[in-house]
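The values are calculated or read from the model by the stated rules, or taken from the named source; none is laboratory data. Computed from a prediction, not measured in an experiment: that's the story for all the values here. All Cβ positions, even for glycine, are placed from backbone atoms using ideal geometry, and neighbour counts span all protein chains on display. The area values use the complete protein model at the heavy-atom level, side chains included, leaving out ligands, DNA and RNA. Shrake-Rupley method; radii C 1.70, N 1.55, O 1.52, S 1.80 Å.
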Amino acid sequence: MNYEPTEAFARECDEADTLAIFRERFHLPRRVNGDPVIYFAGNSLGLQPKAVRAGVEQELADWANLGVDGHFRGATPWYSYHEVFRESAARLVGASPREVVMMNTLTVNLHLMMVSFFRPSSERNRVMMEYPAFPSDTYAITSQLHVHGLDPKDALIAVRPRDGAHLLSTEDILSEIERQSGRLALVLFGGVNYYTGQAYDIRAITEAAHRVGAVAGFDLAHAAGNVLLSLHDWNVDFAVWCHYKYLNSGPGAVAGCFIHERHAENRNLPRFAGWWGNDPDTRFRMHLQAEFDPRASADGWQISNPPILSLAPVRASLDLFDEAGMPALRAKSERLTGYLMFLLDELPRGRFEVVTPREANRRGCQVSILVHDRPRALFDALHGEGVVCDFREPNVIRVAPVPLYNSFHEVWRFAQVLRRHVDAA
Ligand SMILES: *Cc1c(COP(=O)(O)O)cnc(C)c1O
C-alpha cells in the first residue's frame, strides 16, 4: 500500500473511508478541554456503542412491566435470549450457528472447555501453550493440571521465542508439537498474542495438533472482532473469547464459546452440566432422577440462565459488526495499522522498536512498541497529551487503532505526538 506522511493524506483516507460513519455511533471519552482523546485502547476495553443504553433500558422496562412474564413475553423473551446471538456469533468467528454460544466469561469458559477436552491419560497428559501467555490462561491451565494430579513442571510446555527474538516462528510451534507427539493432550494457544500483537497460524497449529492426536483449543480474546476467523473450516476443536475488548460490550461482558460441531453434537461428551444446557422442553423436570439431556449444540455447555442485563450490550455491539461486516472492517484495519507502521518507520530510532510483525497476515490491529529508554516516562507523556493506550511490564506500549471508531487522522496525530517525545530524548 502507498502511504504519505502528510496530514492531507490522512484526511483523504478518512474521506474515502466508507466505515468512517461508525465513529459517531460510539461515545468517545474526552479530555478536560472537551476534545476527544485518541483512544487506542480498544484492545483492552472497547468504547461504548450509543445503542447500548436503549438495549439495556428495554430489558429493565420489560422486567419492570412484566416481572416473571418477561421470560416469554418480553420484547426479546429471556427464555431464549441467548439464541439471538447465533447468527452474529457464527459470522464473527467463522462458525455454523450450532457451534457458538454466548455465556459466562472467558476464563470460566476456558475451564469448562478443559473439563470436556483436556482428559489426560498416563501417557498423553501435556498441555502446550505460547510464551508469553496472558496470566489468566496460565493460572487456568496450571490449576487444571493440579486438578488432574499433574505437575506443571512436567506437563506444561511453553513455546518461547528464540534467543533475542520477540516473536514465535510458526516453524518452531509446529516442530514442538511434533516433538511432543503422543505425550501431547492439548494445544492451547492464543489467536493474536496480547503482548506482541502477533497473529498465529490457527489452521496450521490445529492441523499439527491433530496429526499427533492432540486437541486444538484457542483463546481468541485478542483475535475475535480483530482478524478474520474460520474456526469451522480450520477444524478448531474449541475456542473462547471475550466481548469487552474489540467487541465493545462493556467491562466484564458475557463471553463467547465455540465448539466444533463434531464435538458439539456429541451429547455424551463429559461436561459440567446445569439446567440451561439441557433441552429447553425438558429442563424443568425438577425431580431427583432427572437425567441431563443436553442440547446437541454449543448450547449444551450452558450452565445457568444467562444474565440478560449483561447480554443486552453484547447484542447492541454485535449489531454494529453485522452492519459493517468483518471483511470490510479487517480491510480498513490492515490499512489503518499499516499506516501506523509506516509513520513509525519515519521516526528516529533508538528509543523504541516495533515488535509486532509487519505483514498484515501476521498481526491484528495492535502495534506493540518496545521502548528501550525510560518506557514508563514515554507512556506517561503520551497519556498527558490525550493518547489513551496501555503499558505492559516491563517495557511495551500497546497501541490499537480499531477500524470501527478510529481514524487515519488520529493515527497521524499519534505519530506527531510520539515524534515530539522521541526527538526530545
Ligand atoms: C483479556 C484476556 C483474558 C481475560 O479473561 P477474563 O476471564 O475475561 O477476565 C484472558 N486471556 C487472554 C489472552 C486475554 O487477552
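Per the conditions (1) open to solvent by less than 70 Å² (accessible area, probe 1.4 Å); (2) hydrophobic (A, V, I, L, M, F, W, C); (3) assigned to a helix (DSSP H, G or I), the sole criterion not satisfied by residue 309 is (1). Within region 196-233, being under 23 Å from residue 391 (Cβ atoms), of a type outside the set (Gly, Ala, Ser) and in contact with a His (Cβ under 9 Å, 6 or more places away or on another chain) holds for 196, 198. Only one entry of 208, 223, 216, 185 meets the criterion of being part of a helix (DSSP H, G or I) and aliphatic (A, V, I, L, M), and that entry is 208. Residue pairs whose Cβ atoms lie under 9 Å apart, sitting 6 or more positions apart in sequence or on different chains, and linking a residue in region 116-136 that is among the acidic types (Asp, Glu) to a partner that is away from the ligand (no atom under 13 Å from the Cβ), are 123/182; 123/183; 130/158; 130/159; 130/160; 130/168; 130/173. The helices (runs of 4 or more DSSP H) located wholly in region 77-163 that include 1 or more residues which are within 16 Å of the ligand (Cβ to nearest atom) and open to solvent by less than 20 Å² (accessible area, probe 1.4 Å) occupy 86-93, 106-117, 135-147. State whether the residues of region 286-306 include one that is in contact with a Leu (Cβ under 7 Å, 6 or more places away or on another chain), closer than 19 Å to residue 242 by Cα and not in a loop (DSSP other than H, G, I, E, B). Yes, region 286-306 contains a residue that is in contact with a Leu (Cβ under 7 Å, 6 or more places away or on another chain), closer than 19 Å to residue 242 by Cα and not in a loop (DSSP other than H, G, I, E, B). Tell me which residues, restricted to region 344-374, are more than 26 Å from the chain's Cα centre (by Cα) and not acidic (Asp, Glu). Once the filter is applied, which keeps residues that are more than 26 Å from the chain's Cα centre (by Cα) and not acidic (Asp, Glu), region 344-374 yields 347, 348, 349, 350, 351, 352, 372, 374. The set of residues in region 354-373 that are among the charged types (D, E, K, R) and either free of Cβ contacts under 8 Å to residues at least 24 places away in the same chain or under 25 Å from residue 226 (Cα atoms) (or both) comprises 358, 359, 362, 363. Listed conditions (1) more than 10 Å from the ligand (Cβ to nearest atom); (2) of a type in the set (Phe, Trp, Tyr); (3) open to solvent by less than 20 Å² (accessible area, probe 1.4 Å) are all met by residue 234, apart from (3). Of the strands (runs of 3 or more DSSP E) that lie entirely inside region 332-409, those containing 2 or more residues that are open to solvent by 10 Å² or more (accessible area, probe 1.4 Å) span 352-354, 390-392.
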